[in-house]
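Undergrad: Here's a structure for you.
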């Protein structure tokens, strides 16, 4: 069974168990399917890290690259943006209006998506504001469309860069060893080993089972969690030391294909609960 087929099946199972997420999952499942399809068409140049620099970065626990160094297949990402806009047009939300504005700006020739991608990666605030003004869309919403369109390229680039890392290495820091971004999800595999997923490049890395995923604090008085008996596959870890939270998926408790994006979307109620308690988290999709 292909990844797309497994994704669809998992989405259907989650929607059945959590009908309140039906519409949201219906949209994002299509987004993820479009991203998976785009992933098959991506052509990227390799990011090369010289031996001396690699030794320095590993010795200092530095991420392999900066965000701005990610490679993006601009043509593929631009094509995906068009597809995502088409999907968003069916929504009864502001995202539909934003999609119309983006498509209209592209058709009129006042907006080229290939200008957006490097502006996001390089965090060029002035350029992003200028592009958003041309399209008549808020900057965060434009960044969301841009990121979702670039995500397959970013993940492909991360997979290539992962070859520079030690296979099955245990990392004791709570930031991505590839790009330095924070994790947005943790999961326990069938053997109970804990992994973190990067909120930006989607790289997954193993980390110690105990302690805060972000700051590494082991003080039991500062580590808390909450869960529901109705959702035994999920737990939310809270840290009073750094003030962060992270959702944890126990793969031993689910009978479906694990697709991180689906789990992030279908557990937004857990994010709300953690934030109501005063903790902060990360999510990119």
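Every number here is computed from the coordinates shown, using simple stated rules; none is lab data. On a predicted model such as this, the values are computed, not experimentally measured, just so you know.
Undergrad: Determine the principal axes of the Cα atoms in the stretch 1-82, then give the extent along each, sorted from largest to smallest and rounded to whole angstroms.
TA: 52, 30, 25
Undergrad: Could you tell me whether the stretch 183-276 comes out rounded, prolate or oblate from its Cα gyration tensor? Rule is a ≥ b ≥ c as square roots of the eigenvalues, rounded for a/c under 1.5, then prolate if a/b exceeds b/c, otherwise oblate.
TA: Taking the square roots of the gyration eigenvalues as a ≥ b ≥ c, the stretch 183-276 is rounded.
Undergrad: With 22 Å as the cut-off, how large is the P(r) tail for the stretch 41-164, expressed as percent of Cα-Cα pairs?
TA: So the portion of pairs separated by more than 22 Å is 41 percent.
Undergrad: Fully extended, how many nm does the chain gain between residue 221 and residue 139 (0.36 nm per residue separation, minus their Cα-Cα distance)?
TA: Stretched out fully, the residue 221 to residue 139 stretch lengthens by 25.5 nm.
Undergrad: For the stretch 93-212, what number results from the quotient of the Cα radius of gyration and 2.2 N^0.38 Å?
TA: So the stretch 93-212 has a normalised radius of gyration of 1.32.
Undergrad: To one decimal place, what orientation-averaged projected area in nm² is obtained for the convex hull of the Cα set of the stretch 241-285?
TA: The orientation-averaged projected area of the Cα hull of the stretch 241-285 comes to 3.7 nm².
Undergrad: With each run of n ≥ 4 DSSP H residues scored as -39500 (n - 2.57), what mean residue ellipticity at 222 nm is computed for the chain after dividing by its residue count and rounding to the nearest 500 deg cm²/dmol?
TA: Counting only the DSSP helices, I get -14500 deg cm²/dmol.
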